[in-house]
Amino acid sequence: MTLPREAKLLRIFIGESDLYRHRPLYEVIVEEARKRGLAGATVLRGILGFGANSRIHTSKILRRSEDLPVVVEIVDTEDKIEAFLPDLDEMIGEGLVTLEKAQIITYRHSNKKGGSHV
């Protein structure tokens, strides 16, 4: 797949324990993005954060949170990202979604099993 130099970066800030139809929301988002043929998605688990309710979520042992912050990042063309937004809106009960310009420098994969070798 070839991406144009100019693309969009979709960032979705949710909680690790957020669910959609009894499944982890971050998994559902990534699976749906893959089904739609979006270029890629990554889930990042935070160690500390807070959202609209200002409640601190942390991974510190003494203040063990079961709802750590999660960020899902998806990059693709503006058209594909815009087409994904209505379904994403239905999935997210609470959280933050941002969209920004992204400049694609490199997007490639190896045809070799096990990754690329120099």
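We did not get these values from a lab; they are worked out from the coordinates using the rules stated. Quantities reported herein were computed from a predicted structural model and do not represent experimental measurements. Here the Cβ is made from the backbone with ideal geometry for all residues, glycine too, and neighbour counts use every protein chain on show.
How far apart, in nm, are two points set 7 Å out from the Cα along the Cα-to-Cβ line at T42 and at E90?
Going from the T42 label point to the E90 one covers 2.9 nm.
Given R₀ = 25 Å, what would the calculated FRET efficiency be for F50 paired with E27, taking r from the Cβ atoms and rounding to 0.05?
0.60
So what's segment 6-103 giving for Rg/Rh, alpha carbon basis, Kirkwood Rh from the mean inverse pair distance?
0.99
In nm, what is the difference between 0.36 nm times the number of residues separating D67 and R34 and their Cα-Cα distance?
So the chain would gain 9.4 nm between D67 and R34.
Under a point spin-label approximation (7 Å from Cα along Cα-to-Cβ), what is the L19-H109 distance to one decimal in nm?
Placing both labels 7 Å beyond Cα along the Cβ direction yields 3.2 nm.
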